[in-house]
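Presented below is the structure to which this report refers.
Each value in this text was obtained by applying a stated rule to the coordinates, not by laboratory testing. Predicted, not measured: the structure shown is a model, and the values here were computed from it. Cβ atoms come from the backbone with ideal geometry, glycine included; neighbour counts cover every protein chain shown.
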Amino acid sequence: MGINVKIEPRKATDRGGYACMPLKKNIPQGRPDWELTSCPICGRECWRQPLIERALSQGALALCTECAIRKGITGK
Ligand SMILES: [Zn+2]
């Protein structure tokens with residue numbers, strides 16, 4: 001019994017974890033449904049995409065892609 005802790009990479013849909021936001025410097029024009037925001041760690045401008053809203057509602061922290069990589073997200 002007890003708590004079963006699984007150590008494995010988090011998916012965007014997992015509770016907690018991190019959600020990636022593309023940096024504005026990489027995608028300057030963004031897309032109409034993207035919201036310009038800033039990374040809470042490095043403060044650079046990045047895009048908040050609708051697809052990460054679900055992860056955020058589950059407690060994920062939205063980071064720019066570079067900070068997310070430093071946090072251990074390999075992404076695609
Ligand atoms: Zn960042």
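Show the residues, 5+ positions off or on another chain, whose built amide H is closer than 5 Å to the amide H of residue 48.
35, 36, 37
How big is the charge dipole of the range 27-70 about its Cα centre, in debye rounded to the nearest 20, if each Lys and Arg gets +1 on its Cβ and each Asp and Glu gets -1 on its Cβ?
It works out to roughly 100 debye.
Kindly provide log₁₀ I(q)/I(0) values, in the same order as q = 0.30 Å⁻¹, from the Debye equation applied to equal alpha-carbon scatterers of the range 27-70.
Relative scattering, expressed as log10 I(q)/I(0), comes to -1.20.
Going by amide H atoms built from the backbone, whose H comes under 5 Å of the H on residue 18, apart from near neighbours?
Result for residue 18 returns 61.
Give me a comma-separated list of calculated 3J(HN,Hα) values for the range 41-51, in order, Karplus coefficients 6.51, -1.76, 1.60 applied at θ = phi - 60°, integers in Hz, x for any Gly or Pro.
Karplus-based 3J(HN,Hα) across the range 41-51 equals 9, 9, x, 6, 6, 8, 9, 9, 9, x, 5 Hz.
Each residue of the range 16-28 in turn: what ³J(HN,Hα) in whole Hz from Karplus with 6.51, -1.76, 1.60 and θ = phi - 60°, glycine and Pro shown as x?
x, x, 10, 10, 8, 10, x, 6, 4, 5, 7, 10, x
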